[in-house]
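K.L.:
Take this structure first; my questions come after.
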Amino acid sequence: MKKTMPVVLLFGFEPFGGEDINPAQEVVRELAGERIAGHRVMPAELPVTFDGAVKALSEAVAREKPVLVIGIGQAGGRARISIERIAINLIDARIPDNAGAQPVDAPVIDCAPSAYFSTLPVKAMLAAMEASGVPAELSFSAGSFVCNAAFFALMHVLATRHPDLRGGFIHVPYLPSQAARHAGASSMDIGTLSKGIGIAIEAALTHTTDLRVAAGTTD
């Protein structure tokens, strides 16, 4: 009987906020089906809606039965690939989601904890990307829009239903074609984005414990 290759679930989002492309969605498409450290990358594309993203994510985890889950989201204005450390149980939407919903000061999940930490080896992932020349950083805020909601919902699902499954979230900058429409905005090409996320996935798979090095901020 042929052994099935273990799966990494990589999810991203459709365009939103007036954009016609989402770098997160493009990275997921670039890496779909790739084999990394003996694992196959399986894609999931989520709607940019608070209810729809959480539902689609739960269904993808149940369907793919992954050993690792990583979400990718667009963070226009950032210059580096940002590995998120914390998901908060808060929605405070500055703009409506793609279904027109705009909750303010609402929980992602009622009666859930205030926050969850990523269970990925975030410092090992950062070190691996930096060693390969990919601009990267750790981030301590995933925002309060759909990306954070999906990140929080993922960590709640893992904590309550799949305690042995690791997961987390990464934000990526605009693509150059997007940045050209936003004066002064930073960008990163799809080749560098895909390379960086691939390296991050490999580091996550090959490090069961994180590096113990300083990587915090002073502000």
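The values are calculated or read from the model by the stated rules, or taken from the named source; none is laboratory data. No experiment lies behind these values; they were computed from the predicted model shown. Note that we place each Cβ from the backbone using ideal geometry, even for glycine, and neighbour counts take in every protein chain shown. The area values use the complete protein model at the heavy-atom level, side chains included, leaving out ligands, DNA and RNA. Shrake-Rupley method; radii C 1.70, N 1.55, O 1.52, S 1.80 Å.
K.L.:
Among the residues that make up region 113-130, is at least one of them over 18 Å from the mean Cα position of the chain (by Cα) and either among the aromatic types (Phe, Trp, Tyr) or more than 21 Å from Ile36 (Cβ to Cβ) (or both)?
P.N.:
Taking every residue of region 113-130 in turn, at least one turns out to be over 18 Å from the mean Cα position of the chain (by Cα) and either among the aromatic types (Phe, Trp, Tyr) or more than 21 Å from Ile36 (Cβ to Cβ) (or both).
K.L.:
Is it true that some residue in region 8-23 is surrounded by 23 or more Cβ atoms within 10 Å (Cβ to Cβ) and touching a His at 6+ places or on another chain (Cβ under 6 Å)? Write out each step before concluding.
P.N.:
Applying the first criterion (surrounded by 23 or more Cβ atoms within 10 Å (Cβ to Cβ)) to region 8-23 yields 8-13, 22-23.
Right, trim to touching a His at 6+ places or on another chain (Cβ under 6 Å) and you get 8.
So far as region 8-23 goes, yes, one or more of its residues are surrounded by 23 or more Cβ atoms within 10 Å (Cβ to Cβ) and touching a His at 6+ places or on another chain (Cβ under 6 Å).
K.L.:
Let me confirm something: among Ile95, Ile86, Ile72, which residue is closer than 28 Å to Asp189 by Cα, in contact with a strand residue (DSSP E or B) (Cβ under 7 Å, 6 or more places away or on another chain) and surrounded by fewer than 21 Cβ atoms within 10 Å (Cβ to Cβ)?
P.N.:
Working: Ile95 fails: in contact with a strand residue (DSSP E or B) (Cβ under 7 Å, 6 or more places away or on another chain); Ile72 fails: surrounded by fewer than 21 Cβ atoms within 10 Å (Cβ to Cβ).
Step by step, each of Ile95, Ile86, Ile72 is checked, and only Ile86 is closer than 28 Å to Asp189 by Cα, in contact with a strand residue (DSSP E or B) (Cβ under 7 Å, 6 or more places away or on another chain) and surrounded by fewer than 21 Cβ atoms within 10 Å (Cβ to Cβ).
K.L.:
Taking region 33-46 as the region of interest, how many residues are open to solvent by less than 40 Å² (accessible area, probe 1.4 Å) and under 25 Å from Leu175 (Cβ atoms)? Explain how you work it out, then say what you get.
P.N.:
Taking region 33-46 first, the residues open to solvent by less than 40 Å² (accessible area, probe 1.4 Å) are 33, 36, 39, 41, 44, 46.
Of the ones still in play, those that are also under 25 Å from Leu175 (Cβ atoms) are 33, 36, 41, 44, 46.
Going through region 33-46 one residue at a time, the tally reaches 5.
K.L.:
Would you check if there is a residue in region 15-34 being among the aromatic types (Phe, Trp, Tyr), touching a strand residue (DSSP E or B) at 6+ places or on another chain (Cβ under 7 Å) and at pLDDT 95 or above? Spell out how you get there, then give the answer.
P.N.:
Taking region 15-34 first, the residues among the aromatic types (Phe, Trp, Tyr) are 16.
From what is left, the residues that are touching a strand residue (DSSP E or B) at 6+ places or on another chain (Cβ under 7 Å) are none.
No - not one qualifying residue is present in region 15-34.
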